[in-house]
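Below is one structure; the comments refer to it alone.
The values are calculated or read from the model by the stated rules, or taken from the named source; none is laboratory data. Predicted, not measured: the structure shown is a model, and the values here were computed from it. Here the Cβ positions follow ideal geometry from the backbone for every residue, glycine too, while neighbour counts run over all protein chains shown. The protein model used for the area step is the full one, side chains on, heavy atoms only, and it has no ligands, DNA or RNA in it. Shrake-Rupley method; radii C 1.70, N 1.55, O 1.52, S 1.80 Å.
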Amino acid sequence: MSSVAVLTQESFAEHRSGLVPQQIKVATLTSEEESDPPTYKDAFPPLPEKAACLENAQEPAGAWSNKIRPIKASVITQVFHVPLEERKYKDMNQFGEGEQAKICLEIMQRTGAHLELSLAKDQGLSIMVSGKLDAVMKARKDIVARLQTQASATVAIPKEHHRFVIGKNGEKLQDLELKTATKIQIPRPDDASNQIRITGTKEGIEKARHEVLLISAEQDKRAVERLEVEKAFHPFIAGPYNRLVSEIMQETGTRINIPPPSVSRTEIVFTGEKEQLAQAVARVKKIYEEKKKKTTTIAVEVKKSQHKYVIGPKGNSLQEILERTGVSVEIPPSDSASETVILRGEPEKLGQALTEVYAKANSFTVSAVSAPSWLHRFIIGKKGQNLAKITQQMPKVHIEFTEGEDRITLEGPTEDVSVAQEQIEAMVKDLINRMDYVEINIDHKFHRHLIGKSGANINRIKDQCKVSVRIPPDSEKSSLIRIEGDPQGVRQAKRELLELASRMENERTKDLIIEQRFHRTIIGQKGERIREIRDKFPEVIINFPDPAQKSDIVQLRGPKNEVEKCTKYMQKMVADLVENSYSISVPIFKQFHKNIIGKGGANIKKIREESNTKIDLPAENSNSETIVITGKRANCEAARSRILSIQKDLANIAEVEVSIPARLHNSLIGTKGRLIRSIMEECGGVHIHFPVEGSGSDTVVIRGPSSDVEKARKQLLHLAEEKQTKSFTVDIRAKPEYHKFLIGKGGGKIRKVRDSTGARIVFPAAEDREQDLITIIGKEDAVREAQRELEAGQPWLHLSFCSVSSQEAQVTMECTIPQKFHRSVMGPKGSKIQQITRDYNVQIKFPDREENPGGEGKEAEPGSPRRCDIILISGRKEKCEAAKEALEALVPVTIEVEVPFDLHRYIIGQKGSGIRKMMDEFEVNRALPPTLPAPRPSCLQSDIIAITGLAANLDRAKAGLLERVKELQAEQEDRALRSFKLSVTVDPKYHPKIIGRKGAVITQIRLEHDVNIQVPSSDRILSQPQDQITITGYEKNTEAARDAILKIVGELEQMVSEDVPLDHRVHARIIGARGKAIRKIMDEFKVDIRFPQSGAPDPNCVTVTGLPENVEEAIDHILNLEEEYLADVVDSEALQLYMKPPAHEESKAPSKGFVVRDAPWTASSSEKAPDMSSSEEFPSFGAQVAPKTLPWGPKR
């Protein structure tokens, strides 16, 4: 490795002294050059002649070589040699490869330097590094660390010198590591070791060790001394406003640390160079001895409440007395009960000082004004306007309002306090004469309704009546409302609030069951119909459930009479909707739809208006022929007759009635109408209409062209005859894409099979779900023959067969279930019925809804079931019986469970979430109490909750409900225990400390003790006592939290504040980036440190607050930091003196620019100036290159 010369202090001084004459000489030359500027030819020498250039090509031109100074290159090259014994990788076979090459490549990429490796004859490694200086230094350090074997050594220096090796932000240590290509490890501050470990090459270790010892030797020259001086004489040494001690520090260059008055230490600490430190100590001793001989003391009694006036803001009054009289005034601590003030000074000055002390003590006074507490905020005014008028006139007067006390405290100069007291008394008298208040009791559960949404109701009353209304928060559970303001406005506001409360007491809530399908109709387009209802009943609030909830409950809330009227009105509306929702479908041939519509819709419009029905026609591009008519039943029948008559008049449409027993209708229609649809399609699209199920009619109507109607009649009668005698059915399955091969062209093949066997073959329609199902119907031998022919005709289809024998006659069975349970039995979208139909292979028909239950009930025989309660089940007998049992098992049962009324609202949950969860979990239809918890007489508050659902689910639902009741009762008991409140009286000045930074302290107490803590807000003057902190939770926890708060308060009361003189130049370093460093110190020592604001009288005064022992340790720490940082500041200032020597005044003169003599532009007319256009005088340096032309013209 290349060697580095070490410059000692002696050699540096010798070198510096040797440079002085040379510097003077250079300065002289520079001044001569400035006085006599160079000539133009000297500054700009002409180019050498061509001949000279050719002849003397090897020699530089004279004038140019003399004057032009070489420019220092920014890229440097250094060569480092690693001996064989120190090489980390010694494999000669892999030179230029392997790990060594990878490391070199990584170093090049990381540092940006260029590396070249070569092997010397002694097998040592030579490395040439090129690049910028900092890149080369970094590469050198990496080379040493990664390609050369490392040694290590330790060097011991005093622990207090370690920080000087590290330097500011570690810069000195980094620089030292770069220069010596070593790694220097310094023990942590909390480590007692003084050993510094150095790792690197032997040469680098020696250099680093030498530098570390040099830094330690420099620091050994500084000294620290402590001088014991009685505490009473510290003010004389510091002088007024610390001027005397600052003067000594400035003259001697020594740092002097005098403990602040609040600290009981007596020693004064001196830090600096030994000689200068001795001078400072001598001067302080001299002052101390003189004052000890000349001064005497007197003790006087001053009221404790007046001590703060003697001290003044930040002790300014004490400093002022010391400056004027030279007398020190000692005040007892604030936590002491003593009222004795001691004056210390020269006897002749004590009288003047005593006069000033009494003058300061009596310059302020405290007075009180009687004023009812409810008037305080009117005295303060909106945003403090009234009070601001007084405080602006007398800014030195402090006015304090105490919550709950009928007095106002004034503090300040005697004359100003008297004037302010008169003004406030006049204000109080005026307010008492023209203001009034009243308190009314309204149940707290109505308070939020009185306030209204976003305070709309209460703000309206306040604005109209010009009063202030105080409603207690919900947490207080108080019923007392206070109204304050003008007497007339108070009476009006009281009347309005009581009327509102009366209306709310008379309010009731009612649930109306309306099928969800009618909700949108009742609301109307854009809410038009519901708006009409709300306008008709403005005092009733109507709430519809969310469509996603699938709920039928519509809630009405308002005055009892209005709710009843609105209920009747809406029930009538729903009845009309039910009556008008009857719907029938009329099949009409597609070609006649346009004639039914008429020109411009005239015909259909006329039918709609005259029949008062809604008629929906299928879309023009739809394959459907069905027209849907909706309205009252009689009106729908009339509209259907008119539409059918239009069709009959337009075409040769015949209508035939066929009598077929009603019990055969379902089997003729087939599953999902497949069988009857196949007959209709085969007979030219005739319409076959079966009577409504349950009507008892046997008449089937066939409508269509005459020939097709006759054909359909024959097939229908033939099929009915087969069904009546004996029928056999076989289902076969084949892929839908093969059906066309079975049917044949134009249906030829399938017709041949039908004609030869007499069996009916039904293929699936487009809308059928099972597209691969083919049904063969007929006598058993005919069905078997048809099946064989299909198999023989197409054996490659691989048909799979499943036969369903229908030899036993199908039956129709009645199942009586009250109509009110039909919806529950069907399930959502008929899912339960569909499941039973699939499971038991039966058909289930529900009756139409009863329209006039009263009238029909009269006609029915006593004890006989109503027609609307009978459900018909068709299929095999055993299947029908099983299906009947399954249906009866779906009939909901109702049981009643007794639950305390006060728990009902918790069971219902927010917006009914709790009751919905129970309904979903236990599959019960409803678990609502008969009456919802709303304000009503106690006689209507029932404890019974009705549960409706399947018998199998009721026991689980009841058990779940009772379990929930137990949980709620336990929660009630727990809530009662958790609601224990405890108040703690704490001075408001301690509140910020209890809250902590961003609420950290109070949050920790809340979490640790599981309590809620309410600290009064500073902006809510009259809301609650400002010194009361409320703790809510378990009694034991609240007491523990109270003890924790009182412990913090006790620590805060023990805290002291000390002023520390700290050189303002190091403040920024101690504070750190974004206050990080100072926060760390404050957290470590548990103190609060405040630095002076910009423009403060004493920029060096720093205040430390905390417990006495913590404050003392924190002050020692920051004084050590100051000493460390100040040393850096002094070093940098001294270095700047060497780096930037003070410039002479002459150098500050404005620059004249670059001046030359005998320039061509100043030459006489006899000397000709060079011709710039001449190629002889200004030759070109190469042939001119023609500009490149572009295909699309020049670039712009």
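Observations, loosely collected:
- From the options Glu301, Glu330, Glu356, residue that is among the acidic types (Asp, Glu), in contact with a strand residue (DSSP E or B) (Cβ under 7 Å, 6 or more places away or on another chain) and farther than 29 Å from Ile268 by Cα: Glu301
- Selected residue (criterion: most open to solvent (accessible area, probe 1.4 Å)) from residues of segment 214-228 that are touching an Asp or Glu at 6+ places or on another chain (Cβ under 9 Å) and either over 30 Å from Val284 (Cα atoms) or part of a strand (DSSP E or B) (or both): Arg226
- Selection count, segment 446-469, where residues are more than 26 Å from Arg508 (Cβ to Cβ) and either among the hydrophobic types (A, V, I, L, M, F, W, C) or loosely packed, with under 15 Cβ neighbours inside 10 Å (or both): 7
- Boolean, Lys303 is over 24 Å from Lys396 (Cβ atoms) and of a type in the set (D, E, K, R): no
- Scanning segment 476-503 for residues that are closer than 16 Å to His449 by Cα, at pLDDT below 85 and in a helix (DSSP H, G or I) gives Glu499, Leu500, Ala501, Ser502, Arg503.
- Considering only residues in segment 1080-1098 that are open to solvent by 60 Å² or more (accessible area, probe 1.4 Å) and over 18 Å from Pro189 (Cβ atoms), the one that is modelled with the highest pLDDT turns out to be Arg1090.
- Criterion applied to Asn257, Asn194 was being touching a Pro at 6+ places or on another chain (Cβ under 7 Å) and either over 30 Å from Ile287 (Cα atoms) or open to solvent by less than 60 Å² (accessible area, probe 1.4 Å) (or both), and the one residue passing it is Asn194.
- Tallying residues that are over 30 Å from Ile380 (Cβ atoms) and open to solvent by 30 Å² or more (accessible area, probe 1.4 Å) within segment 1020-1043 yields 8.
- Scan of segment 85-114 for residues that are under 18 Å from Thr201 (Cβ atoms) and either modelled with pLDDT under 75 or not β-branched (Val, Ile, Thr) (or both), ordered by number: Glu85, Glu86, Arg87, Lys88, Tyr89, Lys90, Gln100, Cys104
- Selection of first residues in segment 414-437 that are over 15 Å from His376 (Cα atoms) and of second residues that are exposed (fewer than 15 other Cβ atoms within 10 Å of the Cβ) and of a type in the set (D, E, K, R), restricted to Cβ pairs under 7 Å at least 6 apart or on distinct chains, gives the following pairs, ordered by first then second residue: Asp416/Lys396.
- Taking (1) more than 24 Å from His210 (Cβ to Cβ); (2) open to solvent by less than 10 Å² (accessible area, probe 1.4 Å) in turn, Ala139 satisfies each apart from (1).
- Considering residues of segment 101-130 that are part of a strand (DSSP E or B), out of contact with any Ser or Thr (no Cβ under 6 Å at 6 or more places or on another chain) and open to solvent by 10 Å² or more (accessible area, probe 1.4 Å) only, the residue nearest to Leu84 (Cα to Cα): Leu119
- Close contacts from segment 732-744, counting a first residue that is within 12 Å of Thr775 (Cα to Cα) and a second that is open to solvent by 50 Å² or more (accessible area, probe 1.4 Å) and of a type in the set (Phe, Trp, Tyr), with Cβ to Cβ under 9 Å and a gap of 6+ residues or different chains, come to Ile732/Phe801; Arg733/Phe801.
- Within segment 504-530, restricting attention to residues that are in a helix (DSSP H, G or I) and of a type in the set (A, V, I, L, M), the residue that is most open to solvent (accessible area, probe 1.4 Å) is Ile523.
- Sole exception among (1) assigned to a helix (DSSP H, G or I); (2) under 30 Å from Asp335 (Cα atoms) for Glu211, by number: (2)
- Summed over segment 421-457, residues that are touching a strand residue (DSSP E or B) at 6+ places or on another chain (Cβ under 8 Å), assigned to a helix (DSSP H, G or I) and of a type in the set (Asp, Glu) total 1.
- So Val136, is it in contact with a strand residue (DSSP E or B) (Cβ under 6 Å, 6 or more places away or on another chain), outside any strand (DSSP E or B) and not small (Gly, Ala, Ser): yes
- Only one of the listed residues (Arg975, Arg1042, Arg1020) is over 28 Å from Thr402 (Cβ atoms) and either modelled with pLDDT of 85 or more or of a type outside the set (S, T, N, Q) (or both). That residue is Arg975.
- Scanning segment 141-155 turns up one or more residues that are at pLDDT 85 or above and within 30 Å of Val1130 (Cα to Cα).
- Test: Ile533 is open to solvent by less than 60 Å² (accessible area, probe 1.4 Å), over 39 Å from the mean Cα position of the chain (by Cα) and β-branched (Val, Ile, Thr): yes
- Among residues of segment 565-580 being free of Cβ contacts under 8 Å to residues at least 60 places away in the same chain and within 30 Å of Ala619 (Cα to Cα), the one that is nearest to the chain's Cα centre (by Cα) is Leu577.
- Reported count of residues in segment 883-910, each being in contact with a Gly (Cβ under 8 Å, 6 or more places away or on another chain) and farther than 30 Å from Asp546 by Cβ, is 1.
- Note on segment 629-648: residues that are more than 19 Å from Gly685 (Cβ to Cβ) and among the aliphatic types (A, V, I, L, M) amount to 4.
- Condition met for Leu1062 (crowded, with 17+ Cβ neighbours inside 10 Å and more than 34 Å from the chain's Cα centre (by Cα)): yes
- Flag if Arg146 is in a helix (DSSP H, G or I), touching a helix residue (DSSP H, G or I) at 6+ places or on another chain (Cβ under 9 Å), of a type outside the set (A, V, I, L, M, F, W, C) and surrounded by 14 or more Cβ atoms within 10 Å (Cβ to Cβ): yes
- Qualifying residue in segment 690-702 (condition: modelled with pLDDT under 75, of a type in the set (Ser, Thr, Tyr) and open to solvent by 50 Å² or more (accessible area, probe 1.4 Å)): yes
- If you go through segment 312-346 and keep only what is farther than 12 Å from Pro240 by Cα, among the hydrophobic types (A, V, I, L, M, F, W, C), part of a loop (DSSP other than H, G, I, E, B) and open to solvent by less than 50 Å² (accessible area, probe 1.4 Å), you end up with just Ile331.
- Residue selected from segment 173-191 under the condition outside any strand (DSSP E or B) and open to solvent by 90 Å² or more (accessible area, probe 1.4 Å), by the criterion modelled with the highest pLDDT: Gln174
- Filter pass, Arg1065 being touching a residue at least 24 places away in the same chain (Cβ under 8 Å), in a helix (DSSP H, G or I) and more than 21 Å from Val1001 (Cβ to Cβ): yes
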